[in-house]
Amino acid sequence: MSTLITHIGTLLGIREDGKLRLRGAELRETGSLNDAWLICQDGEIKDYGPMAELPDHAGMVTIDARGGHVIPAYCDSHTHIVFAQTREGEFQDRIAGLSYEQIAQRGGGILNSVEKLRAMPEEELYEASYRRCLEIMQQGTGSIEIKSGYGLDTASELKMLRVARRLGEALPLQVKTTLLAAHAYPREFADDHAGYIDLICDEIIPHVAEEGLADYIDAFCERGYFDAQETERILEAGQKYGLRPKVHVNQFSSCGGIQSSLKYDALSVDHLEVMEGSDLEDVCQSDTIATALPACSFFIDIPYTPARDIIDSNGLLALATDYNPGSSPTGNMSFVLSLACIRMNMHPIEALNAATLNGAAAMELSDTTGSITRGKRADLIITRPMKEFALLPYRFADRMIERVVLNGRPV
Ligand code: NIG
Ligand code: FE
């Protein structure tokens with residue numbers, strides 16, 4: 001099946017140079033074509049060009065973009081979209097004065113979500129997560145990474161990852177999965193942290209790997225959760241099974257998580273709100289992608305990742321939502337772009353590249369998606385008519401997306 005998109009005001013995010021990720025000043029670069037058409041065939045971007053040279057299109061389904069921009073669909077490389085229930089009760093506790101960390105210390109937070117997820121049958125969890133995925137697809141997301149981490153026992157972690165895999169099979173959304181059994185210590189191991197780490201390394205990782213349910217390994221490397229040494233044990237155990245690290249580091253404190261992750265050749269280090277000592281230099285000089293999650297900073301009112309410094313220090317930067325019920329209850333990447341521009345001083349084009357090509361790279365998907373490239377998947381966003389792309393992050397609370405095409409088909 002072929003689809004032709006006509007009257008594209010600006011086709012933005014064109015890249016035919018073969019670059020699979022962008023570093024430092026490269027984030028400001030992108031190709032564009034005004035007054036353009038684009039053809040999708042068999043799920044791929046077949047060709048594009050100027051309206052003055054529109055090819056014969058007999059028999060093709062036509063979509064009139066009416067002067068909207070066409071950009072690559074978002075690539076959200078850090079989510080916890082498989083969860084049982086929202087946590088608006090804790091939201092109100094925070095309004096009443098408790099901090100995110102205080103709520104967790106009282107047994108809420110992640111452990112609250114664990115209790116709900118363990119009790120929910122797999123089918124129900126699948127349905128709830130499926131609905132969330134449909135919503136983010138309408139908001140322009142074409143590929144996502146999904147973490148486990150609300151199960152914290154073998155059966156429940158497997159349940160989460162099975163649901164994540166099924167979502168990728170059922171939807172035109174590309175899904176990569178990450179084992180995050182080291183998200184918190186479950187209640188039954190509250191006084192036996194070493195015992196839980198043994199369970200992760202000796203049982204959960206081997207089971208998950210055997211069933212091929214995870215692509216990556218993650219740990220919440222943080223004061224009060226998993227320290228750098230514990231994180232390294234988990235990354236090492238994952239490495240034995242071919243799981244590359246994507247790690248939660250430096251959200252509330254700097255405790256060596258970046259250096260531990262680099263030692264194990266992490267694909268990405270995520271959060272990075274608190275950077276001290278050589279943290280910035282270490283990550284920017286490496287091939288590991290720094291992933292900023294500004295919706296989390298916004299929602300729980302913590303510092304923003306120094307994205308400007310990362311770009312100016314020649315680092316690899318990606319943007320993601322961190323969609324989860326506790327610290328970032330949204331999967332809306334357009335809002336993440338707005339926060340990147342408004343709060344982290346990123347240029348709209350830098351934000352777009354960080355949310356598309358570099359997000360795809362942080363899931364090892366940038367050879368097939370994340371830019372307007374002939375032969376890549378036709379994962380596209382058609383915006384409302386706009387003269388300049390900057391209008392999208394500028395209109396921070398408005399729906400600026402008209403249509404979304406994933407794998408060559410409108411969703
Ligand atoms: O990335 N920081 C750890 N994990 C999540 C929050 C999980 C939750 O609160 O449920 C995060 O912010
Ligand atoms: Fe997270």
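The values are calculated or read from the model by the stated rules, or taken from the named source; none is laboratory data. For clarity, every value in this text was computed on a predicted model and none was experimentally measured. Cβ sites come from the backbone with ideal geometry, for glycine too, and all protein chains shown count toward neighbours.
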Task: Breaking point among (1) small (Gly, Ala, Ser); (2) without any contact (Cβ under 8 Å) to a residue 24 or more places away in the chain; (3) within 30 Å of Ala181 (Cα to Cα), for Ala58 - done: (3)
TODO: Could you check, for segment 236-248, whether at least one of its residues is without any contact (Cβ under 8 Å) to a residue 40 or more places away in the chain and part of a loop (DSSP other than H, G, I, E, B)?
DONE: yes
- [ ] Among the candidates Ala73, Ala96, Ala104, single out the residue that is more than 18 Å from Phe299 (Cβ to Cβ) and either touching a Cys at 6+ places or on another chain (Cβ under 9 Å) or of a type in the set (A, V, I, L, M, F, W, C) (or both).
- [x] Ala73
Task: Residues being under 22 Å from Leu317 (Cα atoms) and crowded, with 22+ Cβ neighbours inside 10 Å - total across segment 366-411 - done: 12
Open item on the list: Among the listed residues Thr79, Thr6, Thr30, identify the single one that is within 16 Å of ligand 2 (Cβ to nearest atom), among the β-branched types (Val, Ile, Thr) and either within 29 Å of Lys246 (Cβ to Cβ) or over 29 Å from the mean Cα position of the chain (by Cα) (or both).
Closed with: Thr79
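Out of the residues in segment 130-160 that are touching a residue at least 12 places away in the same chain (Cβ under 8 Å) and of a type in the set (Gly, Ala, Ser), which is surrounded by the fewest Cβ atoms within 10 Å (Cβ to Cβ)?
So the first thing to find is which residues in segment 130-160 are touching a residue at least 12 places away in the same chain (Cβ under 8 Å), and the list is 130, 132-154, 156-160.
Then keep just the ones that are of a type in the set (Gly, Ala, Ser); that gives 140, 142-143, 148-149, 151, 156.
Values: Gly140: 30, Gly142: 31, Ser143: 27, Ser148: 29, Gly149: 26, Gly151: 24, Ser156: 22.
By that ranking, first place goes to Ser156.
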TODO: Would you check which residues across segment 108-129 are surrounded by fewer than 20 Cβ atoms within 10 Å (Cβ to Cβ), in contact (Cβ under 8 Å) with a residue 40 or more places away in the chain and over 14 Å from Met160 (Cβ atoms) and list them?
DONE: Leu111
Task: Test result for Tyr216, modelled with pLDDT of 95 or more and within 16 Å of ligand 2 (Cβ to nearest atom) - done: yes
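Mind checking whether some residue in segment 114-127 is in a helix (DSSP H, G or I) and either on the phi > 0 side of the Ramachandran plot or within 16 Å of ligand 2 (Cβ to nearest atom) (or both)? Explain how you work it out, then say what you get.
We begin by selecting, within segment 114-127, every residue in a helix (DSSP H, G or I); these are 114-119, 122-127.
If we keep only those that are either on the phi > 0 side of the Ramachandran plot or within 16 Å of ligand 2 (Cβ to nearest atom) (or both) as well, we get 114, 117.
Within segment 114-127 (the criterion being in a helix (DSSP H, G or I) and either on the phi > 0 side of the Ramachandran plot or within 16 Å of ligand 2 (Cβ to nearest atom) (or both)), the answer is yes, since at least one residue qualifies.
Assess whether Gln102 counts as being over 25 Å from the mean Cα position of the chain (by Cα) and not aromatic (Phe, Trp, Tyr).
Values: over 25 Å from the mean Cα position of the chain (by Cα): yes; not aromatic (Phe, Trp, Tyr): yes.
So Gln102 fits the description; yes.
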- [ ] Within segment 63-98, work out how many residues are assigned to a loop (DSSP other than H, G, I, E, B), within 12 Å of ligand 1 (Cβ to nearest atom) and surrounded by fewer than 18 Cβ atoms within 10 Å (Cβ to Cβ).
- [x] 2
TODO: Hey, can you tell me all the residues within segment 304-324 that are buried (at least 23 other Cβ atoms within 10 Å of the Cβ) and within 16 Å of ligand 2 (Cβ to nearest atom)?
DONE: Thr305, Ala318, Leu319, Ala320, Thr321, Asp322, Tyr323, Asn324
- [ ] Would you tally the residues in segment 189-225 being farther than 17 Å from Ala104 by Cβ and either aliphatic (A, V, I, L, M) or part of a helix (DSSP H, G or I) (or both)?
- [x] 19
Task: Those residues of segment 104-113 which are at pLDDT below 95 and either of a type in the set (D, E, K, R) or not in a loop (DSSP other than H, G, I, E, B) (or both), in sequence order - done: Ala104, Gln105, Arg106
- [ ] Being within 22 Å of Glu26 (Cα to Cα), among the charged types (D, E, K, R) and touching a strand residue (DSSP E or B) at 6+ places or on another chain (Cβ under 6 Å) is the filter here, so list the residues in segment 287-329 that pass it.
- [x] none
Open item on the list: Met346 - would you say it is within 16 Å of ligand 2 (Cβ to nearest atom), modelled with pLDDT of 95 or more, on the phi < 0 side of the Ramachandran plot and not aromatic (Phe, Trp, Tyr)?
Closed with: no
Open item on the list: Taking the condition of being surrounded by 20 or more Cβ atoms within 10 Å (Cβ to Cβ) and closer than 25 Å to Ile103 by Cα, how many residues in segment 166-199 meet it?
Closed with: 9
Task: Members of segment 210-264 that are in contact with a Lys or Arg (Cβ under 6 Å, 6 or more places away or on another chain) and among the aromatic types (Phe, Trp, Tyr) - done: Tyr216
Task: Residues of segment 265-303 classified as surrounded by fewer than 19 Cβ atoms within 10 Å (Cβ to Cβ) and closer than 18 Å to Leu180 by Cα, total - done: 1
TODO: Among the numbered conditions (1) surrounded by fewer than 17 Cβ atoms within 10 Å (Cβ to Cβ); (2) in a helix (DSSP H, G or I), tell me where Val163 comes up short.
DONE: (1)
Task: Given (1) exposed (fewer than 14 other Cβ atoms within 10 Å of the Cβ); (2) within 23 Å of Leu392 (Cα to Cα), index of the condition Ala36 fails - done: (1)
- [ ] State all residues of segment 249-301 that are touching a residue at least 60 places away in the same chain (Cβ under 8 Å), more than 13 Å from ligand 2 (Cβ to nearest atom) and in contact with a Pro (Cβ under 9 Å, 6 or more places away or on another chain); if no residue qualifies, say none.
- [x] Leu267
